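Notes follow the structure.
Only the coordinates and a few stated rules stand behind these numbers; no lab work does. Just so you know, these numbers come straight off a predicted model, no measurement behind them. Methodologically, a virtual Cβ is constructed for each residue, glycine included, from the backbone with ideal geometry; neighbour enumeration extends over all protein chains shown.
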Amino acid sequence: MGKDIEIGKYDLTKHFDSKILNILMDPEQRKLKNKYLAVAFWDLSGFSDLCNNLVDEPFAISELLELYFQEANDIIHRYDGIIDKFIGDGVMAYFGYSANEKQEIALQAINAALDLREKFKEIKEIWSDKLVTKEIHLDDVTLICGIHIGNVLFGLLETKSRNQITLVGSNVNFANRLEGIAETNQIIVSKEIIDLVGNKYNFDTITHDIYSYGKTEVFNIKDKKAN
């Protein structure tokens, strides 16, 4: 198995994160285990309406997604994150696989989210100027994000027909819920994140009624505090 993976390594990394390939090749790393990770979900708010407006320009939509996913890949890796999957116009990633310090893990996730949010603004400008033939307004198309941190079950999940390195558990579900309540350009994080690194960022406190969690205090990260 290891030899076959090594032969096709370049092609395989085009289909899933290169760090996951390294985990797959190591029997110890791919065993199911509890890991303390920051889990982040991104989504494009307003993307469905954009697709409806450009229904006759599918290649333009494809170009936007390619630009966005490439930048997501580069920025997440810059902060030592691992991409679990692309989900439609969304991204699921996690941070801290190789780190032990909780604050460092939280910082990696938030800084990646801040960088990607700024980069997406540039992507929209480049894309609308060069790739779209009709006049459209992109103010309503924004990148939203939810981030939570905690213990998850991580490793190789196997079935008869398909295997996948991934992470599961209530903390993964809660991160997904946070992305689901995020609004225009928001990066919504949990109290666990704020308790670790809240002194380094400007943020708003919001109370949301989150499905299956009830009224919950969450936090919208605005930017880094000046040093």
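Ranked by the mean number of other Cβ atoms within 10 Å per residue, highest first, peptides 70-82, 156-168 order as 70-82, 156-168. With a threshold of 20 Å on the Cα-Cα distance, the over-threshold entries among Lys85/Lys124; Lys85/Lys215; Lys200/Lys222 are Lys85/Lys124; Lys85/Lys215. Put simply, the convex hull of the Cα atoms in the stretch 19-68 casts, on average, a shadow of 5.7 nm². Can you figure out the FRET efficiency of Asp195 with Ser128, using R₀ = 45 Å and their beta-carbon distance, to the nearest 0.05? Efficiency at R0 = 45 Å is approximately 0.70.
Apply 1/(1 + (r/R0)^6) to the Cβ-Cβ distance of Leu157 and Ala99, taking R0 = 25 Å, and write down the FRET efficiency to the nearest 0.05.
Once rounded, the FRET efficiency stands at 0.65.
A straight chain from Thr207 to Asn173 at 0.36 nm per residue would run longer than the Cα-Cα distance by 10.4 nm.
Spacing of the modelled spin labels on Thr184 and Ile136, each 7 Å from Cα toward Cβ, amounts to 1.8 nm. Rounded to the nearest 500, the helix-only mean residue ellipticity at 222 nm of the chain stands at -13000 deg cm²/dmol, with each DSSP H run of n ≥ 4 adding -39,500 (n - 2.57).
Considering every Cα-Cα pair within the chain, what fraction, in whole percent, is farther apart than 34 Å? When every Cα pair of the chain is considered, 18 percent fall beyond 34 Å.
Net charge of the neighbourhood of Glu118, taken over other residues with C-beta under 11 Å away and scored Lys/Arg +1, Asp/Glu -1, is -1. The stretch 98-158 and the stretch 26-94 have Cα centres separated by 8 Å.
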